[in-house]
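S.K.: Okay, handing you the structure first.
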Amino acid sequence: MNSLTPILSTVTASFLGSFVEVVEAFTIVLAVGVTRSWRPALTGAAVALAVLAALVLIFGPLLALIPIETLQFVVGVLLILFGMRWLRKAILRSLGVIALHDEEAAFSKETAALQAQSTDRRADYLAGLAAFKAVLLEGVEVVFIVIAVGSAHGLTLYAGLGALAAFVLVMLIGLLVHRPLATVPENTLKFVVGLMLTSFGIFWTGEGIGAHWPGEDLALIAIFAIVSLASYAIIRAMRGNPTAKATP
């Protein structure tokens, strides 16, 4: 159980985080394919994936040159910041302070923009560029999640498998329904991923500064529970405080 804890938590965090990002990228690629044609959509997406693969091949091996304690500390701090950003947005969305992300609305917005460019001689280029930017921007976050949750304990392969599973699942569902995945509870997923990334960050920052967690890897579960309870307490407190909700 102790050895399975980091593997399961790594795969889960990578899968959920990647799933959210892939859904957002898929929405734009689908809009390009449906509105313009699939050639620029798939070309733009393929070029972006090639760029991402190159980034991983270039920077991935460099991580092995960094002392493990330093890597754990740096990755831990970054994960805390990254995870708390996701948590903040998820909490504000649950309180209605900022609007929920709507894949149908994003699809409609991108479709309208592409239709407005349909008379431009560069229409195919612009459509492909839209697909490229969407896949690259969301893909960079996926790469960060995979490297961050996997590198500190040498579990990058498991993190990569979690991300790959998310990619395959989104593609299969998308090809079957051929429409934006609007029914995905994205805010809930972002809230859970935010909790997991923050928990990983706290755990690895502690290890980076030489802390010895009680129960070793099982401490991740306790940290996750504490961060979850604290987040729910913040939500309850803000729901009862109209002044707090009015400030995004």
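The values are calculated or read from the model by the stated rules, or taken from the named source; none is laboratory data. For clarity, every value in this text was computed on a predicted model and none was experimentally measured. Glycine also receives a Cβ, built like all others from the backbone with ideal geometry; neighbour counts cover every protein chain displayed. Surface areas here come from the heavy atoms of the whole protein model, side chains and all, with no ligands, DNA or RNA. Shrake-Rupley method; radii C 1.70, N 1.55, O 1.52, S 1.80 Å.
S.K.: Have a look at Gly83, Gly139 and point out the one that is in contact with a Gly (Cβ under 8 Å, 6 or more places away or on another chain) and at pLDDT 75 or above. Steps first, please.
M.R.: Working: Gly139 fails: in contact with a Gly (Cβ under 8 Å, 6 or more places away or on another chain).
That would be Gly83, the only listed residue that is in contact with a Gly (Cβ under 8 Å, 6 or more places away or on another chain) and at pLDDT 75 or above.
Residue by residue, here is whether (1) at pLDDT 85 or above; (2) open to solvent by 70 Å² or more (accessible area, probe 1.4 Å); (3) assigned to a loop (DSSP other than H, G, I, E, B) holds:
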residue	(1), (2), (3)
Gly154	no, no, yes
Val168	yes, no, no
Asn187	no, no, no
Val193	no, no, no
Gly210	no, no, yes
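Let's see how each residue does on (1) under 20 Å from Ile145 (Cα atoms); (2) of a type in the set (Gly, Ala, Ser); (3) crowded, with 22+ Cβ neighbours inside 10 Å:
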position	(1), (2), (3)
Ser18	yes, yes, yes
Ala45	yes, yes, yes
Leu55	yes, no, no
Glu69	yes, no, no
Met84	yes, no, no
Leu87	yes, no, yes
Leu92	no, no, no
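S.K.: Please work out if Gly150 is among the small types (Gly, Ala, Ser), modelled with pLDDT of 75 or more and either surrounded by 17 or more Cβ atoms within 10 Å (Cβ to Cβ) or within 30 Å of Glu207 (Cβ to Cβ) (or both).
M.R.: yes
S.K.: Continuing with the same structure: Within segment 94-103, is even one residue modelled with pLDDT under 75 and part of a helix (DSSP H, G or I)?
M.R.: yes
S.K.: Looking at Phe59, is it closer than 29 Å to Ala131 by Cβ, of a type in the set (Phe, Trp, Tyr) and either touching an Asp or Glu at 6+ places or on another chain (Cβ under 6 Å) or buried (at least 21 other Cβ atoms within 10 Å of the Cβ) (or both)?
M.R.: Working: closer than 29 Å to Ala131 by Cβ: yes; of a type in the set (Phe, Trp, Tyr): yes; either touching an Asp or Glu at 6+ places or on another chain (Cβ under 6 Å) or buried (at least 21 other Cβ atoms within 10 Å of the Cβ) (or both): no.
Answer is no for this residue.
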